[in-house]
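Student: One structure is given below, represented as structure tokens, and several questions about it will come after.
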Amino acid sequence: MDLHEQARQILRQNDRGGYTLPTHGLYPYQWNWDSAFAAWGFATFDLPRAWDEIDTLLASQWDDGMVPHIIFHDPDPGYFPGPDVWSAGGDPATSGISQPPVAATLVRLIYEMNPDASRDRLAAVYPKLVEWHRWWHEVRCVHGPAAIVHPWESGRDNCPDWDIGMANVDGSKVGDYTRRDTGHVDPSMRPKKSEYDRYLAMVQFGKSVGWDQKRIVSEGPFLMADPGITFILLRAHHDLAVLGHALDQDTDEIEGWETTLRAALPMIWNDDLQGYDAKDLRTGKFARFLGSGAFLAYLANAARPELDTQLMRVWNAVPYGIPSADPEAPIFDARRYWRGPTWPVVNSLLAIGFRDMGRADLEVRLRRETAELIMKNGFSEYFDPTDATPCGGANFTWTAAIWLTWAGQDYEQAKGAA
Ligand code: GLC
């Protein structure tokens, strides 16, 4: 079957009516940033359905403005940790942390596909996006850069950036539990048990303070500055302000957040590493790892010449896509989730940045390599960047979405020309 048709079919099959599962089995709920990508994908063939996805995501916004990372619409015993473990409330129940705020950036792209047909839908979601961005600014950016209180909040769950912060978390008292992820996919591609114990300890802490987000930031076991979210948020503030202008809104407050966040970037620049770096905000120590979080600087127009050098070194070390961790670092693990593999969805964000910075050469190369992965091995969650092996869940929503919106562009053109 034609790859575009396959991609559309994946979106339809993972559609649960207003929201989309990342993939059947492994991820049976609505995930925050996955949903924003799903919406972008839907927008290529069903614009109203794209807006519905954004609506259902924002319908679960908390009173404090946070948009949670998982919305547990329809309880599924095949997933752990489920709503009972989080105990974070909500109807439907949600998790108690957030996820990368790509929504405003992707909403802008969706809006610009057809402004006339989208204006009312945009007007309905805009105030909620503003609330969510205010939450990031007031709750998670109190130290300057965007901070995360759990590695899952970063969207890059087990990347090496979080190792030093995780080392300070006591995972020895979490009690017995049964993981479900390793029953769905090869355990060697998933985080280890020692990491899982700590993930749960952080969830238990959040629960113990009634998910009071300010207390989690000030007293929780884990607090790290995340370059990835910092750049995503910086870009998203900018895009939100553009959307505000389109709706004739006063955007001074949003532009103020953008300026403040940009001014905090020197805090996450590590001269020794010659790159942006995650920082443990409890100890002030850098993680000393270069990975895809740092390269998202391109998305926020925050790249520096030193970063160009690093990007080319890391990228040229593998044949397929930009790896999530430095292939020359000892911790590099080509198939273990965020510790080496390349993620089409992250590549698509980097591509937006390359294009906007006038680096068409980089964008074209990344698109070609990402398309090759999908053409060879399907719509997998992520891939081994050394040999293109498909990893994680299959028929993945966001991989299908970025095929339709970006990676499959040349394929579609070639087909049209044939
Ligand atoms: C994993 C990923 C996260 C994603 C989720 C659902 O937890 O690390 O980024 O949102 O799966 O696909």
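The values are calculated or read from the model by the stated rules, or taken from the named source; none is laboratory data. What you see is a predicted model, and the numbers here were worked out from it, not measured in a lab. With ideal geometry, Cβ positions are generated from the backbone for all residues, glycine too; neighbour counts draw on all protein chains shown.
Student: Might you let me know whether segment 56-64 holds any residue that is free of Cβ contacts under 8 Å to residues at least 12 places away in the same chain, aliphatic (A, V, I, L, M), away from the ligand (no atom under 15 Å from the Cβ) and part of a helix (DSSP H, G or I)?
Tutor: Yes, segment 56-64 contains a residue that is free of Cβ contacts under 8 Å to residues at least 12 places away in the same chain, aliphatic (A, V, I, L, M), away from the ligand (no atom under 15 Å from the Cβ) and part of a helix (DSSP H, G or I).
Residues are listed down the side, and each one gets a yes or a no for (1) modelled with pLDDT of 95 or more; (2) of a type in the set (S, T, N, Q):
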| position | (1), (2) |
| --- | --- |
| Thr23 | yes, yes |
| Phe37 | yes, no |
| Ile71 | yes, no |
| Phe80 | no, no |
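Student: Right, something else. For segment 360-389, give me each residue that is surrounded by 19 or more Cβ atoms within 10 Å (Cβ to Cβ) and farther than 21 Å from Gly41 by Cα.
Tutor: Passing the criteria: Leu362, Asp384, Pro385, Ala388.
Student: Kindly indicate the residue of segment 228-273 that is among the hydroxyl-bearing types (Ser, Thr, Tyr) and without any contact (Cβ under 8 Å) to a residue 60 or more places away in the chain and also farthest from Leu350 (Cα to Cα) among those meeting that condition.
Tutor: Taking segment 228-273 and keeping what is among the hydroxyl-bearing types (Ser, Thr, Tyr), we get 230, 251, 259-260.
When the remaining residues are screened for being without any contact (Cβ under 8 Å) to a residue 60 or more places away in the chain, the result is 251, 259.
Numbers: Thr251: 26, Thr259: 21 Å.
Result: Thr251.
Student: So, Arg190, is that one surrounded by 15 or more Cβ atoms within 10 Å (Cβ to Cβ) and more than 30 Å from Thr260 (Cβ to Cβ) or not?
Tutor: So Arg190 passes the test.
Student: Test Val67 against the stated conditions and say whether it is within 24 Å of Trp135 (Cα to Cα) and within 16 Å of the ligand (Cβ to nearest atom).
Tutor: Against the criterion (within 24 Å of Trp135 (Cα to Cα) and within 16 Å of the ligand (Cβ to nearest atom)), Val67 qualifies.
Student: Name, by its number, the condition in (1) surrounded by fewer than 17 Cβ atoms within 10 Å (Cβ to Cβ); (2) among the basic types (Lys, Arg); (3) within 21 Å of the chain's Cα centre (by Cα); (4) farther than 30 Å from Leu122 by Cβ that does not hold for Arg262.
Tutor: (4)
Student: Residues that are within 16 Å of the ligand (Cβ to nearest atom), modelled with pLDDT of 95 or more and closer than 19 Å to Ala38 by Cα: list the helices (runs of 4 or more DSSP H) wholly contained in segment 94-174 that include at least 2 such residues.
Tutor: Those helices (runs of 4 or more DSSP H) span 103-113.
Student: Mind counting the residues in segment 87-118 that are free of Cβ contacts under 8 Å to residues at least 12 places away in the same chain and more than 23 Å from Ile70 (Cα to Cα)?
Tutor: 2
Student: All but one of (1) within 28 Å of Ala325 (Cα to Cα); (2) among the polar types (S, T, N, Q); (3) in contact with a Lys or Arg (Cβ under 9 Å, 6 or more places away or on another chain) hold for Gln213; which doesn't?
Tutor: Only one criterion in (1) within 28 Å of Ala325 (Cα to Cα); (2) among the polar types (S, T, N, Q); (3) in contact with a Lys or Arg (Cβ under 9 Å, 6 or more places away or on another chain) is unmet by Gln213, namely (1).
Student: Additional query: How many residues, within segment 175-187, are within 16 Å of the ligand (Cβ to nearest atom) and either in a helix (DSSP H, G or I) or among the β-branched types (Val, Ile, Thr) (or both)?
Tutor: 6
Student: Could you list, in sequence order, the residues of segment 7-41 that are more than 12 Å from the ligand (Cβ to nearest atom), surrounded by 17 or more Cβ atoms within 10 Å (Cβ to Cβ) and part of a helix (DSSP H, G or I)?
Tutor: Selection gives Ala7, Arg8, Ile10, Leu11, Ala39, Trp40, Gly41.
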